[in-house]
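Data block below; observations after.
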Amino acid sequence: MLVEDVRRVLVIGGGTMGAQIALRVAVHGYDVVLHDTDSAVLDAAPARLRSDGQDRIAAGRLDAGQLERALAV
């Protein structure tokens with residue numbers, strides 16, 4: 001397998017760092033699976049990802065279309 005063949009990425013840990021990694025990977029077109037042993041963290045993940053994405057939009061590092069594509073389930 002080549003790195004170019006990778007399409008799905010598993011991020012273990014949905015806290016601050018895990019959410020940022022998941023968002024960045026998703027923005028670049030990969031399917032992302034976010035895993036955490038704490039179900040509350042996973043329940044909060046969509047709002048955290050959207051908030052992080054909105055911060056990136058405000059900073060000019062992301063556009064709204066990229067965020068919506070990254071968050072599409």
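The values are calculated or read from the model by the stated rules, or taken from the named source; none is laboratory data. Nothing here was measured: the structure is a model prediction, and the numbers come from that model. Cβ coordinates were reconstructed from backbone atoms using ideal geometry, including for glycine residues, and neighbour counts include every protein chain displayed. Surface accessibility is based on the protein's heavy atoms, side chains included, excluding ligands, DNA and RNA. Shrake-Rupley method; radii C 1.70, N 1.55, O 1.52, S 1.80 Å.
When every residue of segment 12-35 is checked against the conditions, none turns out to be open to solvent by 70 Å² or more (accessible area, probe 1.4 Å), more than 12 Å from the chain's Cα centre (by Cα) and of a type outside the set (A, V, I, L, M). Would you mind stating whether Gly60 is out of contact with any strand residue (DSSP E or B) (no Cβ under 9 Å at 6 or more places or on another chain), outside any helix (DSSP H, G or I), surrounded by fewer than 15 Cβ atoms within 10 Å (Cβ to Cβ) and at pLDDT 95 or above? Here the answer is yes, as Gly60 does meet what is asked. Can you find a residue in segment 16-24 that is among the hydrophobic types (A, V, I, L, M, F, W, C) and either in contact with a Lys or Arg (Cβ under 7 Å, 6 or more places away or on another chain) or in a strand (DSSP E or B) (or both)? The answer is yes; a qualifying residue exists.
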